[in-house]
Amino acid sequence: MRCWCCCLECVHNIPPLNLLFLHFSGPALPVPGGGAASPAAASAPVSMASISVPSPVPTATQDAENIRKAVQGWGTDEKALIEILGHRTAAQRAEIAVAYEGLYNESLLDRLHSELSGDFRSAMMLWTADPAARDAKLAHKALKKKGDRHVWVLIEVACASTPDHLVAVRKAYREAYAASLEEDVAACSLYKDPLRQFLVRLVTSYRCSGGELVDGDLARAEAAELHDAVVARKQPLHGDVVRIVGSRSKPQLKATFERYKQEHGKAIDEVLEERRSGDQLAAMLKTALEQKLTASFLMAMACCFHLQVIRSSIVGLGTDEESLTRAIVSRAEIDMEKVKEEYKARYGKTVTSDVNGDTSGYYKGILLTLVGPE
């Protein structure tokens, strides 16, 4: 096992801002009452999830009964568990868990924990858990351990998901630990300011959808705030930057950044890139800001971050199974198809081939099931 992404080279390899700001190019922003939606905008989104679900899908009761058969008696039928749980959506897994507990008066997660072991158990537990509860548990665990790799977990939970999911994570955290996530981050003695303050802002921000409406006066005012923070104060991670980037809708952000370029003759991503610090902490916070920007574009570039997590987990001496598991489990129902596509384009190898070469046994089996065919 090795510590994940604790060198500047790894940090700086995560997608730079200029990739994300490519999304700002294109047609002019719609204004209230003007213009029709483009055909692309009107078309239904294409699923980028990689898991396959059988048709017809068995009932939750049937799946619960088959899981019971797999864990009863001498030994465990791990292949059966992968075949059932690895091919069900989060909603279906939740129904199975309810059916299992109703039939056998025990928690499905508790039974999996007692039957399985090692990295395979970790992967199956993370996958079977409710996504919001899973991320709440990951965040709670990260707050108990010191080190860059644990900071990254908090950054992923806060930034690489939809605003509504982050709200669900915060609710699940309070229910599980009788405390709020933001309060625990603020009180965590393992992290010092300004990192701690920055993490609090990340886990408490909410990006409003905002439709397609744009406030021109607000765009002008916040462009000025960005310039004051980044250029005048030389603080690219100033609270104003985090507030603006973390809470505004995509159309509003686009208008703000376009206004910034009009006023100052240079795009905000270029200015931020010029001010990238050589300090590791500053680089980490800078990348966190980039990932917050990522979430504003309907997860279009979030895959770039997670393919880097997968690659960093595999290359070098040893394998960081914890980060590898987290990346694959968290993206399988969101954008793993896009991750695989970008991974192959960037590294000339497939996720499947790298997972095959660095893992083994049933652990490899569940990861490949979630990654899907390539």
Q: Using a cut-off of under 20 Å, list every residue of region 63-97 whose amide N is near the label point 7 Å from the Cα of Asn105 along the Cα-to-beta-carbon line.
A: 64-69, 71-73, 97
Q: List every residue whose amide H lies under 5 Å from the amide H of Ile334, counting only residues 5 or more places away in sequence or on a different chain, with H placed 1.01 Å from N in the peptide plane.
A: Ser50
Q) Working out 0.36 nm times the residue gap between Ser47 and Ser114, then minus their Cα-Cα distance, what length gain in nm do you get to one decimal? A) 20.7 nm
Q.
As an exercise, use a Förster radius of 51 Å and the Cβ-Cβ distance of Thr89 and Ala232 to find the FRET efficiency, rounded to the nearest 0.05.
A. 0.55
Q: Grab the Cα-Cα distance for Gln72 and Asp164, subtract it from 0.36 nm times how many residues apart they are, and report the gain in nm with one decimal.
A: 29.3 nm
Q: With a point put 7 Å past each Cα toward its Cβ, work out how far Glu374 is from Ser360 in nm, to one decimal.
A: 2.1 nm
Q) Which lysines have a Cα less than 22 Å from the Cα of Lys261, not counting those fewer than 8 places away in the same chain? A) Lys234, Lys250, Lys286, Lys292
Q) Which value, in debye to the nearest 20, describes the size of the charge dipole of region 80-239 about its Cα centre when Lys and Arg Cβ atoms bear +1, Asp and Glu Cβ atoms bear -1, and nothing else is charged? A) 640 debye
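Sort 140-146, 358-364, 328-334 for me by packing, meaning the mean count of neighbouring Cβ atoms within 10 Å per residue, highest on top.
Numbers: 140-146: 15.3, 358-364: 17.3, 328-334: 23.7.
Ranking, from highest mean packing down: 328-334, 358-364, 140-146.
Computed from the coordinates by the stated procedures, all read-outs in this text should not be read as laboratory data. Fair warning: this is a prediction, and the values are worked out from it, not measured in the lab. Virtual Cβ from ideal backbone geometry, glycine too; neighbours counted across all protein chains shown.
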